[in-house]
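J.: Here's a structure for you.
Read the figures in this text as sums done on the coordinates, not as results from a lab. Here the structure is a predicted model, which is why all the values come from computation and not from measurement. All Cβ positions, glycine included, derive from the backbone under ideal geometry; neighbour counts span all protein chains shown.
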Amino acid sequence: TCSEDSRILLIDLSQIELRVLAHYSKEPVMIETLKDRKGDLHTATAIAMFGEVNSELRTVAKTLNFAVLYGAGGAALVEQLNKALNNNTISLSKAKDFKHKFFKGYPLVKQFLWDVQSRISDRGYVLGKSGRKYYCEKDKAYRASNYLIQGESAMLMKEMMVDAENYLSLRMTQLVNVIHDEFIFDLHNTDED
């Protein structure tokens with residue numbers, strides 16, 4: 001609860017994991033979409049996959065954006081798509097077709113995922129830009145991109161928390177909490193500039 005002299009301020013960093021994926025993969029469509037403050041990566045993915053967008057195609061694209069990032073296999077993708085679409089019409093072959101279209105639209109993401117798996121096969125870990133090593137069992141190398149992306153996203157969030165605390169050290173505003181990719185501040189009226 002805020003005092004009379006303050007109010008809650010929420011700052012959502014919007015799809016931080018997908019931003020980190022775009023950075024690592026250097027996928028130009030993703031990067032250009034995310035440069036725009038109002039850019040919607042799920043819409044861009046639907047257009048890259050299907051050449052058009054509607055609510056159902058955007059839902060498929062959104063599900064694929066995260067499923068690919070998290071290393072979902074065929075059965076998991078079927079389950080996630082059917083849950084997201086609130087039906088049971090997606091078969092394994094349809095899910096594989098969607099995944100194929102995703103990688104056709106984002107070939108550098110596919111290359112990035114293969115490169116991460118290759119590094120795991122070669123040395124058992126992948127090195128993040130933060131300098132942190134992300135270890136993974138070789139027979140589960142498909143998970144390593146998830147470890148890398150989520151780990152580096154968490155490192156960025158920690159750096160931003162420290163920066164926010166340093167910035168606020170001479171102000172009345174306080175960082176109250178961080179939930180996933182959202183910062184919650186108790187914004188004091190004297191600090192609204």
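J.: Report the label-to-label distance for residue 26 and residue 189 in nanometres (one decimal), using points 7 Å from each Cα along the Cα→Cβ vector.
T.: Distance between label points: 5.3 nm.
J.: Still on this structure: Can you tell me the 0 to 90 degree angle between the C-alpha axis of helix 92-105 and the longest principal axis of the chain, rounded to 10?
T.: 70
J.: Could I ask something else about it? If packing is taken as the average number of other Cβ atoms within 10 Å across a peptide's residues, how do 59-70, 87-98 rank, most packed first?
T.: Details: 59-70: 20.9, 87-98: 14.2.
Taking the mean over residues of other Cβ atoms within 10 Å, the ranking is 59-70, 87-98.
J.: If you don't mind, another one. Under 16 Å between alpha carbons, and skipping anything fewer than 8 positions from residue 104 in its own chain: which aspartates and glutamates qualify?
T.: In chain and number order, the partners are 27, 52.
J.: Taking 0.36 nm per intervening residue step and subtracting the Cα-Cα distance, what contour gain separates residue 121 from residue 168 on full extension? Kindly include the intermediate steps, with their values, before the conclusion.
T.: Values: separation 47, 0.36 × 47 = 16.92 nm, distance 4.44 nm.
Here the answer is 12.5 nm.
J.: Mean residue ellipticity at 222 nm from the helices of the chain, using -39,500 (n - 2.57) per DSSP H segment of n ≥ 4 over the full residue count, to the nearest 500 deg cm²/dmol? Show your work: numbers first, answer last.
T.: Numbers: 8 runs with 111 residues, N = 193.
For the chain, the value works out to -18500 deg cm²/dmol.
J.: I need the semi-axes of the equivalent ellipsoid of the chain: take the C-alpha gyration tensor, multiply each eigenvalue by 5, square-root it, list largest first in whole angstrom. All intermediate terms of the calculation are to be shown ahead of the outcome.
T.: Working: eigenvalues 233, 99, 43 Å².
Its equivalent ellipsoid spans semi-axes of 34, 22, 15 Å.
J.: If you don't mind, there's one more thing I want to ask. With axes computed from alpha carbons, what is the tilt in degrees of helix 41-50 against the longest principal axis of the chain, rounded to the nearest 10 within 0 to 90?
T.: 20
J.: Which listed residue (173, 131, 142) has the Cα farthest towards the positive end of the charge dipole for the range 77-173, taking +1 on Lys and Arg C-beta and -1 on Asp and Glu C-beta about the Cα centre?
T.: 142
J.: Taking Cα atoms, how many degrees apart are the long axis of helix 74-85 and the longest axis of the chain, rounded to 10 and kept between 0 and 90?
T.: The answer is roughly 60 degrees.
J.: If you don't mind, another one. What dipole magnitude, in Debye to the nearest 20, does the range 9-146 give about its Cα centre under +1 on Lys/Arg Cβ and -1 on Asp/Glu Cβ?
T.: Dipole size: approximately 340 debye.
J.: With the Cα gyration tensor of the range 68-176 in hand, convert its eigenvalues to equivalent ellipsoid semi-axes via √(5λ) and list them largest first in whole Å.
T.: On the way: eigenvalues 226, 93, 26 Å².
Semi-axes (√(5λ), whole Å): 34, 22, 11.
J.: How big is D for the range 11-78, in µm² s⁻¹ as a whole number, if Stokes-Einstein is applied with the Kirkwood radius of its Cα pairs at 4 °C and 1.567 mPa s?
T.: Numbers: Rh = 12.4 Å.
The estimated diffusion coefficient comes to 104 µm²/s.
J.: Mind scanning 110/133; 62/140; 35/96; 26/101 and naming the pairs with a C-alpha gap bigger than 28 Å? Please list the in-between numbers first.
T.: On the way: 110/133 21 Å; 62/140 24 Å; 35/96 30 Å; 26/101 18 Å.
Check vs 28 Å cut-off fails for 35/96.
J.: Identify the trypsin sites (Lys or Arg not before Pro) of the range 110-167 meeting these criteria: DSSP loop state and at most 15 other C-beta atoms within 10 Å of the C-beta. Working shown, then result.
T.: Details: sites: 110, 119, 123, 129, 132, 133, 138, 140, 143, 158; in loops: 129, 132.
Passing both the DSSP loop test and the Cβ count: 129, 132.
J.: Next question. For the range 137-180, take the alpha-carbon Rg, divide it by the Kirkwood Rh, and send me Rg/Rh.
T.: Details: Rg = 15.6 Å, Rh = 12.5 Å.
Radius of gyration over Kirkwood radius for the range 137-180 works out to 1.25.
J.: Residue 13's amide H: which non-local residues (gap 5+, or another chain) put their own amide H closer than 5 Å, with H modeled 1.01 Å from N in plane and none for Pro or chain starts?
T.: Correct list: 182, 183.
J.: On alpha-carbon atoms, Rg over Rh for the range 28-122 using Kirkwood Rh? Before the final figure, lay out the partial values.
T.: Details: Rg = 13.5 Å, Rh = 13.8 Å.
Expressed as Rg/Rh, it is 0.98.
J.: A further question on this structure: Please report the relative contact order for the chain, taking Cα pairs under 8 Å with a sequence separation of at least 6, and give it as a percent rounded to a whole number. Please report the intermediate quantities before stating the final value.
T.: Working: 232 pairs, mean separation 52.3, N = 193.
Across the chain, relative contact order equals 27 percent.
J.: Suppose every Lys and Arg Cβ carries +1 and every Asp and Glu Cβ carries -1, with no other charges. What dipole size does the range 7-69 come out with about its Cα centre, to the nearest 20 debye? Present the calculation step by step, with values, prior to reporting the outcome.
T.: On the way: 8 positive and 8 negative charges, 51 e Å.
Computed charge dipole of the range 7-69: roughly 240 debye.
J.: I'd like to compare 13-19, 177-183: which one has the highest average count of other Cβ atoms within 10 Å, and what's the full order after that? Present the calculation step by step, with values, prior to reporting the outcome.
T.: Values: 13-19: 18.3, 177-183: 13.4.
Ranking, from highest mean packing down: 13-19, 177-183.
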